[in-house]
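Nothing in this text is a laboratory measurement; each read-out follows from the coordinates by a stated rule. These numbers come from a predicted model, not from an experiment. Cβ sites come from the backbone with ideal geometry, for glycine too, and all protein chains shown count toward neighbours.
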Amino acid sequence: MPATTYAVSGMSCGHCKATLTKAIGELDGVSGVEVDLDTGHVTVTTATEPDDALIAETVDEAGYELTGRA
């Protein structure tokens, strides 16, 4: 399963981590989400190539900003 790492700004605490893990984890095809607050990276494991636009929209709706693939 491919893992894709994204750079996300605005994350600073455990609540941020939990919010993004839940929001991204609910997307179809996502089997895992790892949030690293220290680096500002979110790694998403999917069954197929991820939909970057959908993930960016989900991150935005959660109150953060996806700035691109890391």
Review point. Given springs between every Cα pair under 10 Å in a Gaussian network model of the chain, which of T48, T21, T58 has the largest fluctuation?
Key: T48
Practice item. Rank H41, Y6, Y64 by how far each Cα sits towards the positive end of the charge dipole of the chain (+1 on Lys, Arg Cβ; -1 on Asp, Glu Cβ) and give me just the farthest. Key: H41
Point to revise | Relative contact order for the chain, counting Cα pairs under 8 Å that sit 6 or more residues apart, in percent | key: 47
Check your understanding: Label points 7 Å out from Cα along the Cβ direction at D52 and S12: separation in nm?
Key -> 2.8
Practice item. Would you kindly calculate the mean projected area, averaged across all directions, of the convex hull enclosing the Cα atoms of the chain, in square nanometres? Key: 3.8
Practice item. Report the local net charge at Y64: Lys and Arg +1, Asp and Glu -1, summed over other residues whose C-beta lies under 12 Å from its C-beta. Key: -3
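Per DSSP H run of at least 4 residues, take -39500 (n - 2.57); add these up for the chain, divide by its residues and hand me the 222 nm value, nearest 500 deg cm²/dmol.
Calculated from helices alone, the mean residue ellipticity at 222 nm is -9500 deg cm²/dmol.
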